[in-house]
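Asks: The structure is given below, and queries will be raised subsequently.
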Amino acid sequence: MQTIFWLCLFIIFYTYIGYGILLFIIVKILRVFRKKKTFNNNYNLPTVTLVVAAYNEAYCIEEKITNTLALEYPAEKVQYIFITDGSTDETPEIISKYGAIQLMHQSERSGKIVAVHRAMLEVKTDVVVFTDANTLLNTKALLNICRHFQDSTVGAVAGEKRVQIDDSGDATAGEGFYWKYESKLKAWDSELFSVVGAAGELFSVKTSLYIPVPIDTLLDDFMISMLIAEKGYRIVYEPDAYATENASANTTEELKRKIRIAAGGIQSFLRLSALLNPLRHPILSFQYLSHRILRWTITPFLMIFCFLLNWYIVIALNGDVKYYIVLAGQVLFYGFAILGWMMQSRSIKIKLFFIPYYFCMMNYAVFAGIKRYLSSNQSVLWEKAKRK
């Protein structure tokens with residue numbers, strides 16, 4: 001029993017902290033032997049199309065358009081496509097006022113990925129950049145992304161997602177902390193070999209490598225980028241190309257988003273099983289298992305099992321002092337999470353409680369997401385989580 005307990009505890013630690021530590025050490029060693037990456041300033045920039053899928057985004061689309069048209073890139077090499085399928089508000093009318101943007105609209109709503117596939121039929125440029133309608137990009141985002149394509153091994157580029165956190169002190173503070181940690185892991189993943197999937201807020205692919213994913217795909221951005229990695233190309237991370245968005249309006253909205261991601265994670269795991277073959281993808285398989293699969297599958301279950309087993313060892317097997325210490329740590333952590341849950345509706349600025357709460361909520365979402373996926377109760381048509 002004790003051996004099983006420590007094995008479970010190790011897997012939990014490795015999933016959320018240990019992998020990051022291991023990555024940090026490996027990257028530090030690699031930096032000794034690798035030359036620092038440099039870019040050719042005389043590189044002939046590729047032609048690029050920026051694609052935005054917008055559904056009922058009238059409240060923010062004007063700001064998105066202004067931000068998009070202000071991006072630095074040679075005017076003769078960049079095009080813009082905004083696709084608004086199914087929108088019932090003024091989003092199409094607002095976009096139509098801007099001649100520089102190609103508007104694609106049809107009244108039927110079939111989901112984001114169907115809209116993206118339709119937009120891709122119009123893309124004739126070397127590179128396509130995807131970004132969400134409710135995010136704002138830094139002015140050099142396109143330049144900083146496209147410079148990576150001078151490396152023939154690069155098939156996709158993942159930008160950085162930045163979450164704008166206010167001072168309300170609610171549990172969504174955990175969202176900002178989580179994304180800072182994720183960004184650091186992505187940077188190290190990229191240095192080791194490849195990022196394990198891109199986020200839809202901002203990512204780019206070589207147009208020739210784009211594979212239309214099935215229309216029932218839940219995490220289309222993740223699947224599109226990982227199918228390119230499956231071909232042997234790298235997904236690199238570019239922190240100097242970033243998309244900024246507000247935090248979720250509240251924890252209910254954030255939980256809704258996390259459950260969908262968890263359901264999509266299980267779907268992706270089943271559809272990308274070839275990536276777990278270390279004979280074909282030795283480094284990527286290690287990264288995929290460590291950074292994604294453990295989080296999406298066994299580790300949340302092990303957290304519950306480890307907690308219960310710790311109690312059993314202490315009470316039934318009269319375990320020694322180290323088991324009491326570990327149990328006390330678990331009780332304290334989950335106690336903080338409960339306090340965070342109790343404070344979620346109040347503006348109490350004690351973020352010490354909110355991070356454990358966010359962590360537990362994130363793992364609860366895995367259970368809910370697996371249940372939703374197995375019950376086929378997750379539609380590709382969904383409402384975005386409300387933002388502050």
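The values are calculated or read from the model by the stated rules, or taken from the named source; none is laboratory data. Quick caveat, the model's predicted, so the values are computed rather than measured. No Cβ is skipped: glycine too gets one built from the backbone with ideal geometry, and neighbour counts run over all protein chains shown.
Asks: Looking at the range 91-128 only, could you name the residues that are charged (D, E, K, R) and surrounded by fewer than 16 Cβ atoms within 10 Å (Cβ to Cβ)? Quick ask: steps written out before the conclusion?
Replies: From the range 91-128, those charged (D, E, K, R) are 93, 97, 108-109, 112, 118, 122, 124, 126; that's our starting set.
Correct list: Glu93, Lys97, Glu108, Glu122, Lys124.
Asks: Can you report the number of residues in the range 319-332 which are touching a helix residue (DSSP H, G or I) at 6+ places or on another chain (Cβ under 8 Å) and either surrounded by 14 or more Cβ atoms within 10 Å (Cβ to Cβ) or in a loop (DSSP other than H, G, I, E, B) (or both)? Reasoning before the result, please.
Replies: Applying the first criterion (touching a helix residue (DSSP H, G or I) at 6+ places or on another chain (Cβ under 8 Å)) to the range 319-332 yields 319, 323-324, 326-327, 330.
Right, trim to either surrounded by 14 or more Cβ atoms within 10 Å (Cβ to Cβ) or in a loop (DSSP other than H, G, I, E, B) (or both) and you get 319, 323, 326-327, 330.
Number of matching residues: 5.
Asks: I'd like the full set of residues that are outside any helix (DSSP H, G or I) and among the acidic types (Asp, Glu), limited to the range 186-224. Can you show your working first?
Replies: Here is the first cut: in the range 186-224, the residues outside any helix (DSSP H, G or I) are 193-206, 210-219.
Hits for the range 186-224 are Glu201, Asp216.
Asks: Here is a follow-up. Hey, any hits in the range 303-318 for a residue that's surrounded by 14 or more Cβ atoms within 10 Å (Cβ to Cβ), under 30 Å from Leu272 (Cβ atoms) and out of contact with any Leu (no Cβ under 8 Å at 6 or more places or on another chain)?
Replies: There is at least one residue in the range 303-318 that is surrounded by 14 or more Cβ atoms within 10 Å (Cβ to Cβ), under 30 Å from Leu272 (Cβ atoms) and out of contact with any Leu (no Cβ under 8 Å at 6 or more places or on another chain).
Asks: Something else: Among the residues of the range 129-144, which ones are within 13 Å of Pro46 (Cβ to Cβ) and surrounded by fewer than 23 Cβ atoms within 10 Å (Cβ to Cβ)?
Replies: Going through the range 129-144, the residues within 13 Å of Pro46 (Cβ to Cβ) turn out to be 129, 142-143.
Within the range 129-144, Leu143 is the sole residue that qualifies.
Asks: Taking the range 84-106 as the region of interest, how many residues are of a type in the set (Gly, Ala, Ser) and in contact with a Phe, Trp or Tyr (Cβ under 8 Å, 6 or more places away or on another chain)? Break it down into steps so the answer makes sense when it comes.
Replies: Just the residues of the range 84-106 that are of a type in the set (Gly, Ala, Ser), to begin with: 86-87, 96, 99-100.
This time we only want the ones that are in contact with a Phe, Trp or Tyr (Cβ under 8 Å, 6 or more places away or on another chain), so: 86-87, 100.
Selection size over the range 84-106: 3.
Asks: Let me ask another. What are the pairs, 6+ residues apart or on separate chains, where a residue within the range 321-346 that is closer than 18 Å to Glu254 by Cβ and in contact (Cβ under 8 Å) with a residue 40 or more places away in the chain has its Cβ under 8 Å from a residue that is among the polar types (S, T, N, Q) and assigned to a loop (DSSP other than H, G, I, E, B)?
Replies: Partner pairs satisfying both residue conditions: Gln344/Asn250.
Asks: While we're on this one: Among the strands (runs of 3 or more DSSP E) lying completely within the range 68-178, list those that include at least 2 residues that are at pLDDT below 95. Explain how you work it out, then say what you get.
Replies: Working: elements: 78-83, 101-104, 127-132, 154-164.
The qualifying strands (runs of 3 or more DSSP E) are 154-164.
Asks: If you don't mind, there's one more thing I want to ask. Inspect the range 40-54 for any residue being at pLDDT below 95, among the hydroxyl-bearing types (Ser, Thr, Tyr) and out of contact with any Gly (no Cβ under 6 Å at 6 or more places or on another chain) and give the result as yes or no.
Replies: yes
Asks: Residue under question is Tyr181, and the condition is that it be aromatic (Phe, Trp, Tyr) and either within 30 Å of Thr15 (Cβ to Cβ) or assigned to a loop (DSSP other than H, G, I, E, B) (or both); does it hold?
Replies: Working: aromatic (Phe, Trp, Tyr): yes; either within 30 Å of Thr15 (Cβ to Cβ) or assigned to a loop (DSSP other than H, G, I, E, B) (or both): yes.
So Tyr181 fits the description; yes.
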